[in-house]
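For reference, the structure is listed below as structure tokens.
The values are calculated or read from the model by the stated rules, or taken from the named source; none is laboratory data. Note that the structure is a prediction, hence the values are computed from the model and not measured. Here Cβ is always computed from backbone atoms with ideal geometry, including for glycine, and neighbour counts include all displayed protein chains. To get the accessible areas, we keep the full protein, side chains included, count just its heavy atoms, and leave off ligands, DNA and RNA. Shrake-Rupley method; radii C 1.70, N 1.55, O 1.52, S 1.80 Å.
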There are 2 protein chains.
Amino acid sequence: MSDPHPLVLHLTEGVPPRTWSVLVTIFGDLARAPGDEIGSPVLARMGEAMGLRPEAMRTALHRLHKEGWLERRREGRHSLYGLSPRGLAESEAAGPRIYGPERATHAFVLLGPATGPGYPVAPAISVAGAPSPEGETLSFPLEAPPGWMRDALLPPETAALIRVTRRRFDALTAALAGTPPQDALLVAVLRVLCVHAWRRIALRLPDLPDRVLPAGEDLAAARATFARLRSTLPAPPLAEFEP
Amino acid sequence: MSDPHPLVLHLTEGVPPRTWSVLVTIFGDLARAPGDEIGSPVLARMGEAMGLRPEAMRTALHRLHKEGWLERRREGRHSLYGLSPRGLAESEAAGPRIYGPERATHAFVLLGPATGPGYPVAPAISVAGAPSPEGETLSFPLEAPPGWMRDALLPPETAALIRVTRRRFDALTAALAGTPPQDALLVAVLRVLCVHAWRRIALRLPDLPDRVLPAGEDLAAARATFARLRSTLPAPPLAEFEP
């Protein structure tokens, strides 16, 4: 069993992320340019800092390679891994959702038997980022939805994850307080864990403003803190990791 | 079989109203003050002008008396009828709906699991004349509802009745064209038939603006024409009917 770095515990609270999933984040965040590679010793040290077992890391790397997400080449005693064309394409596609602003700044309630591209919240009611051009659908600007409407837009697990993530981002921000770590690998590990936590939320969000979703205030706060943490913890050049 | 007056045909198109129902209108419109009475010969002549059979009139008068809606007293060879206290009270209660303006000038869409005093148009959607003060219910001002929403506010038979009535009121208005009849009984008969036609609609309307209902334009037009016809055909003093 590896010992996670104390700063890491602000983000994991002792429960490390799933290994294969965090590897997807590691490559998607740090090695997203074609040709980028990370060596197996660096991946092992990152996993260790997060509290992941070395066998689990090896198994997950093997799986992601077999599934065509990662490419691998041998170099001496080690392996170098990089995103496959498919891995690159999917990381690229997810980028705007993970690193971008909220996907809509306006919200509308659409009423009608077929409310088209909106997110349904009741049989003839949906919420969308734009009004409907369809004559049989009524559109109203939506400012502050009531609880039942918010709750229909995200499952409660996601709302809970939003609250937890906001709290963890705030805890890490307080712990870093003006003195970001100097060690490139630790910076990378903390950054990846932030991206990973936010990615789990961002990929589940509908294309609606944060304010109309459940835990909307926490969501907007977490989104802002995530942006600040990304600049406090810039992605180190891959060369800096090499031993 | 009696022969209806030609002007009457603009309102009935040959199908006279139901006898007991038109008697309720006759007394509710012409004899609504306590003590007002109408003699059986006048009622017979009114029925005749409308195209009703004399036996049907006698049967309906008997029934309304028996049910406690009308009171009756003998005078010589005839009977005099007037509204009972219950008949007076119910006619009084219906008055604002029949003679008054539309029951609401604003409309709102209410969205929520329990939308309270509104008229339901879909599982969590209702339409009301006022916004909801309840926090879990969203209220939006409603200007021009789409067809499916209008259609949920009135059964199609009532919408059809509205269209027919507008057409009949327009036809009578054109036929009268500046030369209202001089005969008190004919004036009363035409007036009662107008009130009767409008009453059948008005008592079925939700407390919402005409413009949000199906056949809303026809409804607003019929309401306006009804008001003009009432002043073209003022209720004659009861004494003028007596032979």
Top-ranked residue in segment A:94-148 [being surrounded by 18 or more Cβ atoms within 10 Å (Cβ to Cβ) and over 30 Å from the mean Cα position of the chain (by Cα); ranked as nearest to B:P145 (Cα to Cα)]: A:L138
Residues satisfying the stated conditions in segment A:202-242, i.e. open to solvent by 30 Å² or more (accessible area, probe 1.4 Å), closer than 14 Å to A:I98 by Cα and touching an Asp or Glu at 6+ places or on another chain (Cβ under 8 Å): A:A220, A:R223
Residue selected from segment A:7-19 under the condition touching a helix residue (DSSP H, G or I) at 6+ places or on another chain (Cβ under 8 Å) and not in a helix (DSSP H, G or I), by the criterion least open to solvent (accessible area, probe 1.4 Å): A:P17
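Based on this model, can you work out whether B:S91 counts as outside any loop (DSSP other than H, G, I, E, B), in contact (Cβ under 8 Å) with a residue 60 or more places away in the chain and surrounded by 18 or more Cβ atoms within 10 Å (Cβ to Cβ)?
Working: outside any loop (DSSP other than H, G, I, E, B): yes; in contact (Cβ under 8 Å) with a residue 60 or more places away in the chain: yes; surrounded by 18 or more Cβ atoms within 10 Å (Cβ to Cβ): yes.
Here the answer is yes, as B:S91 does meet what is asked.
Inside segment B:69-93, can you point out the residues that are of a type outside the set (S, T, Y) and more than 21 Å from the chain's Cα centre (by Cα)? Even if it seems obvious, please write down each step before you answer.
Quick first cut of segment B:69-93, residues of a type outside the set (S, T, Y) only: B:69-78, B:80, B:82-83, B:85-90, B:92-93.
The answer is B:E71, B:R72, B:R73, B:R74, B:E75, B:G76, B:R77, B:H78, B:L80.
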Residue within segment B:154-166 that is closer than 24 Å to A:E134 by Cα, without any contact (Cβ under 8 Å) to a residue 60 or more places away in the chain and within 14 Å of another protein chain (Cβ to nearest Cβ) present: no
Scan of segment A:53-88 for residues that are within 20 Å of A:A235 (Cβ to Cβ) and assigned to a loop (DSSP other than H, G, I, E, B), ordered by number: A:W69
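Matching residues to (1) assigned to a helix (DSSP H, G or I); (2) in contact (Cβ under 8 Å) with a residue 24 or more places away in the chain; (3) at the interface with another protein chain (Cβ under 8 Å from one of its Cβ atoms):
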residue	(1), (2), (3)
B:P113	no, no, yes
B:V127	no, yes, no
B:P133	no, no, no
B:R150	yes, yes, no
Lone qualifier among A:L186, A:L153, A:L190 - being more than 15 Å from the chain's Cα centre (by Cα), closer than 16 Å to A:L9 by Cα and open to solvent by less than 40 Å² (accessible area, probe 1.4 Å): A:L186
Residue selected from segment A:20-74 under the condition hydroxyl-bearing (S, T, Y) and at pLDDT 95 or above, by the criterion most open to solvent (accessible area, probe 1.4 Å): A:T59
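Quick one: which residue in B:T137, B:T105, B:T179, B:T173 is within 14 Å of chain A (Cβ to nearest Cβ) and not basic (K, R)?
Numbers: B:T105 fails: within 14 Å of chain A (Cβ to nearest Cβ); B:T179 fails: within 14 Å of chain A (Cβ to nearest Cβ); B:T173 fails: within 14 Å of chain A (Cβ to nearest Cβ).
Every option except B:T137 fails the conditions.
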